[in-house]
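Working notes, beginning with the structure itself.
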Amino acid sequence: MRRGDAARRLGLEAVFDAGGHVSQLLGEMAIPHGEGMVRQGLVASQPGRQLFQIRFHGRPHQGFHVDGGIVQILGLLSAHGRRDPFQAGRHRHKTDNIRGWIGIAPELAARDRHDPRHSPLIRRKVPVSMTMRTRFAPSPTGFLHIGGARTALFNHLHTRRHGGTTLLRVEDTDRERSTEAATQAILEGLAWLGLSPDEGPYFQSDFTQRHLDAAWRLVEEGKAYRCTCSKEEVDALREEQRASKDKPRYDGRCRDRTDHPEGTPFVLRFRLDAVGETVWHDMIQGTIRYPNDEMDDLILVRSDGSPTYNLAVVVDDHAMGITHVIRGSDHLSNTPRQLALFRAFGWEPPIYGHMPLLHGTDGAKLSKRHGAVSVLQYREEGFLPEAVNNYLARLGWSHGDQEFFTMEELERLFDVTEVGKSASVFNASKLEWLNTQHMKSLDPARLAPELVYHLKALGVVQPDPALAAAIIPTLRDRAKTFREMADKARFYFMESVEPYLPKAVDKHFQPEMVEPFTQWVERLAAVPLWEPAALEAEFNAVLEATGAAKGKLAQVARVALAGSDVSPGIFEVMGVLGRERALRRLSRGLEILRQHVGA
RNA sequence: GUCCCGUUCGUCUAGGGGUCUAGGACGCCGGCCUUUCAAGCCGGCAACACGGGUUCGAUUCCCGUACGGGACGCCA
């Protein structure tokens, strides 16, 4: 192993002071079964060894030990000072704030003092940042769908947990298909979910020049070349390879051409040597090995002069100081290509985490043209963003037996390294259940605007927000979505709830109900305090006086109040309606009852 | 076809050599409560893909098979 490889494998960055001591050490540490992040700077120092505080999560491995290389982990101590936290059995979830001794092999420190250039870490002079920076990078070719929302959510949550910064970069290098409307839809979707970025939106098309500069730099360095093959020519080649059951790939026929015919359109291709394999540690997928002969010379710049995705991503991720890339695992096979580009440019790559994809009930990847709808569609259907986020977070991730999470809890607990590797299937009924749970836990004042919105959608003219807020406690156990709640709430807003549901009238409007119902309406007119408990007391008094059955009389009242035999509790309903309106409905109900039984 | 990845109740998941008679949640079924409908509470049904190995012992580790998914663009 070359010197420095251990450090690189660990993803650690070190800055050495004049004496050859590590003055700063940051980054992610990939160790068997887990991740650690150096969280704070130097805590204590001894000759040859320095104590850093490390935040550790993931799956600690017994007997963890890394040696060799310029940065050496000498041992770890727990926050409580236990000797070796990994010896003490299972630490499945969080083992935070472990402090570890990190030292430099003395002979290397000595060397570095003599000639700092021998340290690859120094030579690169990578600016070191303690802050995690992540990005969400959608392409504006359609709405933000549920899978994209999940990617944005995972980025947001992981970054919040680690106190970093999120940014949004709109990947509009495909000018043909990118639209302004799509950009707006994505922004609106993110805003609704509460996932608006800390920085941005940036537009990749604004950075075309730096993409092209970078590509031409590679040409100058002999790492990229002009290719004059036409699209048709390459397509034909691939077709041929497919036919002979080979992997379709460009054969590099223009690699060593030195003539550049004037006026012939060309693309810029990146030289990718088909030897060895690319290995990296993924925050979710673990160690991935990818044979390099699987890759062909990818196009960096199109024949129309525009940069392609792989080029733009690498240049921008570097330029924007992105430390962690969390994206769908459909990007997994792009990663070795991007890693190769980072190497060619001499830049430190970010740490990757590839999320398992979301599948539809048919088992196939959810996408814009396959089963996925806009997240804003969930708003239209009456879901709370809290519920959608909660549901999405639980797809691939869990925290003990907990199902219900507030956004604050997720931001505190969620860690992308705890996400599982297998794809999950979207299940609407669990989302509905979670929506009910959130509706039950949130303040009616927060919920009222949602109800108002959906009431309007159902044609209720100018619903009173105060009334909506009063209605919510009566209906939130009874609806899965606001659309459903609005539907069930309509009777509150009607001038008259007639005609009553015929079936309900036939069933509940019986002759023996006339006397008790009459009594009740009379007593209600005189009740001093119009509130549920008092109303119920009057009701019970009538029951006692007349011997009527509670359920039967209540149903008559219910039909009069709501026009149907299904509604929230009648005393609650009366309370919300207020004395005047409730009494009017009940009196009218009495008239109809009398007519119906021919009294 | 090639490469990469995955596989625990219908679905989301816990569990990473013995504690597994495999835990929780949604849904479903039944009961209780009850002024209707819900909600709530209690109970039930229901899973380690298959085959080899390693081991005293495998759901757990290794190999293979099957199945599923992803990628193989002058899309991102």
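The values are calculated or read from the model by the stated rules, or taken from the named source; none is laboratory data. Small disclaimer: the values here were computed from a predicted structure and weren't measured. Cβ atoms come from the backbone with ideal geometry, glycine included; neighbour counts cover every protein chain shown.
Here are a few things to note about the model shown:
- Criterion (within 15 Å of RNA strand B (Cβ to nearest atom) and surrounded by 15 or more Cβ atoms within 10 Å (Cβ to Cβ)) met by exactly one of A:550, A:488, A:507, A:503: A:488
- Test: residue in segment A:554-562 that is touching an Asp or Glu at 6+ places or on another chain (Cβ under 6 Å) and modelled with pLDDT under 90: no
- Which numbered condition residue A:534 misses (of (1) modelled with pLDDT under 90; (2) in a helix (DSSP H, G or I); (3) hydrophobic (A, V, I, L, M, F, W, C); (4) over 21 Å from residue A:470 (Cα atoms)): (4)
- Of the residues screened, residue A:359 is not one that is without any contact (Cβ under 8 Å) to a residue 40 or more places away in the chain and under 17 Å from the mean Cα position of the chain (by Cα).
- Test result for residue A:383, under 14 Å from the mean Cα position of the chain (by Cα) and more than 12 Å from RNA strand B (Cβ to nearest atom): no
- Extreme residue, farthest from RNA strand B (Cβ to nearest atom), among residues of segment A:393-414 that are more than 30 Å from residue A:467 (Cβ to Cβ) and touching a Gly at 6+ places or on another chain (Cβ under 9 Å): A:397
Each row is one residue, and each column tells you yes or no for (1) of a type in the set (A, V, I, L, M); (2) more than 49 Å from the chain's Cα centre (by Cα).
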position: A:522; (1), (2): no, yes
position: A:526; (1), (2): yes, yes
position: A:542; (1), (2): yes, yes
position: A:548; (1), (2): yes, yes
position: A:554; (1), (2): yes, no
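- Any chance residue A:363 is surrounded by fewer than 17 Cβ atoms within 10 Å (Cβ to Cβ), over 14 Å from residue A:309 (Cα atoms) and modelled with pLDDT under 90: yes
Okay, residues lined up against (1) touching a Ser or Thr at 6+ places or on another chain (Cβ under 8 Å); (2) modelled with pLDDT under 95:
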{"site": "A:139", "(1), (2)": "yes, yes"}
{"site": "A:151", "(1), (2)": "no, no"}
{"site": "A:155", "(1), (2)": "yes, no"}
{"site": "A:162", "(1), (2)": "no, yes"}
{"site": "A:172", "(1), (2)": "yes, yes"}
{"site": "A:198", "(1), (2)": "yes, yes"}
{"site": "A:221", "(1), (2)": "no, yes"}
{"site": "A:228", "(1), (2)": "yes, yes"}
{"site": "A:238", "(1), (2)": "no, yes"}
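- Single residue of segment A:389-405 satisfying the filter (buried (at least 20 other Cβ atoms within 10 Å of the Cβ) and more than 15 Å from residue A:424 (Cβ to Cβ)) that is nearest to the chain's Cα centre (by Cα): A:389
- Restricting segment A:510-540 to residues that are in contact with a Lys or Arg (Cβ under 8 Å, 6 or more places away or on another chain), touching a residue at least 60 places away in the same chain (Cβ under 8 Å) and within 15 Å of RNA strand B (Cβ to nearest atom) leaves a set whose member that is nearest to residue A:581 (Cα to Cα) is A:513.
- Hits in segment A:554-599 - residues which are away from RNA strand B (no atom under 16 Å from the Cβ), farther than 13 Å from residue A:518 by Cα and not in a helix (DSSP H, G or I): A:578, A:598
- Residue A:205 passes every criterion in (1) at pLDDT 95 or above; (2) within 27 Å of the chain's Cα centre (by Cα); (3) under 21 Å from residue A:315 (Cα atoms) apart from (1).
- Some residue of segment A:266-279 being surrounded by fewer than 10 Cβ atoms within 10 Å (Cβ to Cβ) and modelled with pLDDT under 80: no
- All of A:236, A:191, A:224, A:181 fail the test of being surrounded by 13 or more Cβ atoms within 10 Å (Cβ to Cβ), more than 10 Å from RNA strand B (Cβ to nearest atom) and of a type in the set (A, V, I, L, M), apart from A:224.
- Out of A:228, A:264, sole residue that is of a type in the set (Ser, Thr, Tyr) and touching a Phe, Trp or Tyr at 6+ places or on another chain (Cβ under 6 Å): A:228
- Only strands (runs of 3 or more DSSP E) whose full extent lies in segment A:231-344 are considered here, and the ones with at least 1 residues that are among the charged types (D, E, K, R) are A:267-270, A:277-282, A:286-291, A:324-328.
- When each of A:417, A:436 is tested for being of a type in the set (Val, Ile, Thr) and within 7 Å of RNA strand B (Cβ to nearest atom), the lone residue that passes is A:436.
- Some residue of segment A:235-242 being touching a residue at least 12 places away in the same chain (Cβ under 8 Å) and in contact with a strand residue (DSSP E or B) (Cβ under 9 Å, 6 or more places away or on another chain): no
Okay, residues lined up against (1) within 33 Å of the chain's Cα centre (by Cα); (2) not hydrophobic (A, V, I, L, M, F, W, C):
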residue: A:274; (1), (2): no, no
residue: A:279; (1), (2): yes, no
residue: A:291; (1), (2): yes, yes
residue: A:294; (1), (2): yes, yes
residue: A:303; (1), (2): no, yes
residue: A:312; (1), (2): yes, no
residue: A:320; (1), (2): yes, no
residue: A:323; (1), (2): yes, yes
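- Count of residues meeting criterion [in contact with a strand residue (DSSP E or B) (Cβ under 7 Å, 6 or more places away or on another chain) and either more than 12 Å from RNA strand B (Cβ to nearest atom) or not aliphatic (A, V, I, L, M) (or both)] in segment A:246-274: 7
- The residues of segment A:357-373 that are within 9 Å of RNA strand B (Cβ to nearest atom) and closer than 30 Å to residue A:297 by Cα, listed by number, are A:357, A:364, A:365, A:366, A:367.
- When residue A:354 is tested against the conditions (1) within 12 Å of RNA strand B (Cβ to nearest atom); (2) touching a residue at least 12 places away in the same chain (Cβ under 8 Å); (3) in a loop (DSSP other than H, G, I, E, B), the lone failure is (3).
A quick yes/no check of all residues on (1) modelled with pLDDT of 90 or more; (2) more than 17 Å from residue A:382 (Cβ to Cβ); (3) touching a Gly at 6+ places or on another chain (Cβ under 9 Å):
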position	(1), (2), (3)
A:450	yes, no, yes
A:455	yes, no, no
A:491	yes, yes, yes
A:502	yes, yes, no
A:506	yes, yes, no
A:510	yes, yes, no
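- Which numbered condition residue A:499 misses (of (1) in a helix (DSSP H, G or I); (2) within 24 Å of residue A:564 (Cβ to Cβ)): (1)
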